[in-house]
Amino acid sequence: MKKDIHPEYRPVVFNDLASGTKFFTRSTVKTEKTIEWEDGNTYPLVDVEISSASHPFYTGKQRILDSAGRVEKFKDRYKGFGKRK
């Protein structure tokens, strides 16, 4: 491997802002924030909007859409469409 061209691969903590879950892993991401982890050491902290802990696909908590209301609006809008006068 060439020297001085690869980013630093180090332990990092990812914080899911939606659920508050924290993941300890390794990454090359750069950040200024730090956090003290359970082992007493300080690690870089990266805030993420959504992760596997809060994503509806992984949690199975998908939002139910009001499809009946949409169907009624569609029918009301186009109830006279195609009829000859």
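Counting only residues at least eight positions apart within a chain, or on another chain, the aspartates and glutamates with an alpha carbon under 15 Å from that of residue 22 are 36, 38, 39, 47, 49.
What does the extension gain come out to for residue 10 and residue 33, with contour length at 0.36 nm per residue minus their alpha carbon separation?
Working: separation 23, 0.36 × 23 = 8.28 nm, distance 1.43 nm.
Once the chain is fully extended between residue 10 and residue 33, it gains 6.8 nm.
Here is the list for region 1-57: trypsin sites (Lys or Arg not before Pro) lying in DSSP coil, each with at most 11 other C-beta atoms within 10 angstrom of its C-beta, are 2, 3, 30, 33.
Every read-out reported here was derived from the displayed coordinates using simple, explicitly stated rules and does not represent laboratory data. Treat the numbers as computed from the prediction; the structure is a model and nothing was measured. Using ideal geometry, Cβ is built from the backbone for each residue, glycine included, and neighbour counts are taken over all protein chains shown.
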